[in-house]
Amino acid sequence: MIPEIEKASVQNIKAFQEAKLQELLPYLKEHSTYYQRLFAGQNIDIEQIKTLEDLAKIPVTSKDDLQRYNDDFLCVPKNKIIDYVTTSGTLGDPVTFALTDKDLDRLAYNEAISFACAGVTGEDVLQLMTTIDRRFMAGLAYFLGVRKLGAGIIRVGAGIPELQWDSILKFRPTYLIVVPSFLLKLIEYAKSHDINLEESGVKGAICIGESLRNQDFTLNTLAEKITSQWDIQLFSTYASTEMNTAFTECEFQKGGHHHPELIIAEILDDHNLPVPSGKVGELTITTLGVEGMPLLRFKTGDMVTAHEEPCECGRHTMRLGPVVGRKKQMIKYKGTTLYPPAMENILNDFNEVECYVIEIYHNNIGTDEICIKIASHNKSDKFMHNIKDHFRAKLRVTPKIEFHDKKEIETIRFPSMSRKPILVIDKRK
């Protein structure tokens, strides 16, 4: 199930997107209060925006714009809205998105082709291990996508290894939709309850929320831990509420595939200019085919690398490498620039670390400091020095390490109303 446009030449994909852009711009000018104001205030003649390169003539849209003028992005009357969702609010106040019936159909199409990209077919059964409530777009999107694909779905929700295994053994799903670190809890539960992992019938996991790979696409520490104990395929998928679109790995697992019929993607530097091929920049997106709240040149805050060469799977679309980190969470620490995922990968290397949170703050002279709060049965000085040695060896920095009770850290990781664990607490202004 590869859409024809994704197998087209790079030139044809570009021409296709430029035609879609010509449909979007008049729609925004007619229906979006925010973009009407932007076009008028910047004297932008949308008739002059013909190519993808011409997008550079339009200012970017930021998360701050979405938060400040949320209602002004709505392009339809309230009676056309079917579903309301909100962003997770990880880096600020949550933003509301309104979806029409057409938007829900688009969401289903996106997830159906994304699951198919990972090899899921109508013969499969998937177990959903994320919430489908709490105004969470992803859970609903997964359900709609599986339904459109013609596969079966078991809506278990997040957490509770006992219930997850009861469903796995009862319904025999072939794929799990899951945060990858939770797979370690499923493995631990199976081992302590004499459940044979290899006889479970699970052949793969569609993983969200945490990275599985290093920048060269090799498995990172977390993924190696999982696959060394459970012989299943792991597929990364990256998405956000703002994009209404996912980038999912195919069987060759060399990055998440772009769906050009759904989104225009730019990788920009701090001056909003395209970065050279293969360099890290901020993913900036323009949604195509969204009716309720389309976005034009929206800066996601995620730092990524694009890969342009054709994939062995037959798609000629751009692929996104693992997210390097959130731009706002970039840390300048003792002359080194780093992002939290690099630290998370090191912490995942230690089996004794039960859970952790990374706190970033400014010291009294205004520079960045890092404190990692860890829950572990091993609180010895030797273990702490071992962690610090790993940080020095891998990242050339030594953050402050503190041991805390597991209950205390879990309270920080799962604040009230949170839909996913919070691993990074940024206290900088």
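Quick one: is VAL357 under 20 Å from the mean Cα position of the chain (by Cα) and in a loop (DSSP other than H, G, I, E, B)? Judged against the criteria, VAL357 is not a match. Scanning segment 388-403 for residues that are out of contact with any Ser or Thr (no Cβ under 6 Å at 6 or more places or on another chain), free of Cβ contacts under 8 Å to residues at least 12 places away in the same chain and assigned to a helix (DSSP H, G or I) turns up ASP389, ALA393.
Just one of the listed residues (ASP72, ASP101) is within 30 Å of GLU6 (Cα to Cα), surrounded by fewer than 19 Cβ atoms within 10 Å (Cβ to Cβ) and in contact (Cβ under 8 Å) with a residue 12 or more places away in the chain, and it is ASP101.
Answer yes or no: is there a residue in segment 39-62 that is assigned to a helix (DSSP H, G or I), of a type in the set (Lys, Arg) and over 21 Å from ALA265 (Cα atoms). Within segment 39-62, none of the residues are assigned to a helix (DSSP H, G or I), of a type in the set (Lys, Arg) and over 21 Å from ALA265 (Cα atoms). Of the candidates ILE387, ILE365, ILE425, ILE370, the single residue that is buried (at least 18 other Cβ atoms within 10 Å of the Cβ) and within 20 Å of GLN329 (Cα to Cα) is ILE370.
Summed over segment 85-116, residues that are modelled with pLDDT under 95, touching a strand residue (DSSP E or B) at 6+ places or on another chain (Cβ under 7 Å) and not aliphatic (A, V, I, L, M) total 4.
The combined condition, being surrounded by 16 or more Cβ atoms within 10 Å (Cβ to Cβ), in contact (Cβ under 8 Å) with a residue 24 or more places away in the chain and out of contact with any helix residue (DSSP H, G or I) (no Cβ under 8 Å at 6 or more places or on another chain), is not fulfilled by ARG155. Considering every residue within segment 370-387, establish whether at least one is within 25 Å of the chain's Cα centre (by Cα) and in a helix (DSSP H, G or I). No: segment 370-387 contains no residue that is within 25 Å of the chain's Cα centre (by Cα) and in a helix (DSSP H, G or I).
Could you run through segment 242-259 and say how many residues are within 19 Å of LYS63 (Cβ to Cβ) and assigned to a loop (DSSP other than H, G, I, E, B)? Adding up the residues that qualify gives 3. Within segment 68-81, one or more residues are of a type in the set (Asp, Glu), assigned by TED's automatic domain parsing to the domain that holds LEU149 and within 27 Å of LEU268 (Cα to Cα). Only a single item in (1) of a type in the set (A, V, I, L, M); (2) free of Cβ contacts under 8 Å to residues at least 24 places away in the same chain; (3) assigned to a helix (DSSP H, G or I) is not met by ILE13, and it is number (2). Just one of (1) exposed (fewer than 14 other Cβ atoms within 10 Å of the Cβ); (2) under 26 Å from the mean Cα position of the chain (by Cα) fails for GLU6. It is (1). Among the residues of segment 241-274, those identified as among the aliphatic types (A, V, I, L, M) and at pLDDT 95 or above are ALA246, LEU262, ILE263, ILE264, ALA265, ILE267, LEU268. Being crowded, with 19+ Cβ neighbours inside 10 Å, of a type outside the set (Lys, Arg) and in a helix (DSSP H, G or I) holds for only one residue in TYR35, TYR27, and it is TYR35. Just so you know, in segment 186-208 the residues that are small (Gly, Ala, Ser) and part of a loop (DSSP other than H, G, I, E, B) include one that is nearest to ALA116 (Cα to Cα), and it is GLY201. If I ask for residues that are among the aliphatic types (A, V, I, L, M) and either in contact with a helix residue (DSSP H, G or I) (Cβ under 9 Å, 6 or more places away or on another chain) or more than 28 Å from MET1 (Cα to Cα) (or both), which ones from segment 264-291 would you list? Once the filter is applied, which keeps residues that are among the aliphatic types (A, V, I, L, M) and either in contact with a helix residue (DSSP H, G or I) (Cβ under 9 Å, 6 or more places away or on another chain) or more than 28 Å from MET1 (Cα to Cα) (or both), segment 264-291 yields ILE264, LEU268, LEU273, VAL275, VAL280, LEU288, VAL290. If you check ALA190, ALA138, ALA205 for being of a type in the set (A, V, I, L, M) and at pLDDT below 95, only one passes: ALA138. Per the listing GLU354, GLU344, GLU266, GLU282, the residue uniquely of a type outside the set (Lys, Arg) and surrounded by fewer than 20 Cβ atoms within 10 Å (Cβ to Cβ) is GLU354. For segment 209-237, the candidate set comprises residues that are assigned to a strand (DSSP E or B) and in contact with a Ser or Thr (Cβ under 8 Å, 6 or more places away or on another chain); within that set, the residue that is surrounded by the fewest Cβ atoms within 10 Å (Cβ to Cβ) is LEU219. Counting just the residues of segment 105-127 that are buried (at least 19 other Cβ atoms within 10 Å of the Cβ) and acidic (Asp, Glu), which one comes out nearest to the chain's Cα centre (by Cα)? Within segment 105-127, the match that is nearest to the chain's Cα centre (by Cα) is GLU111.
The values are calculated or read from the model by the stated rules, or taken from the named source; none is laboratory data. All of these numbers come straight from a predicted model, not from anything done at the bench. All Cβ positions, glycine included, derive from the backbone under ideal geometry; neighbour counts span all protein chains shown.
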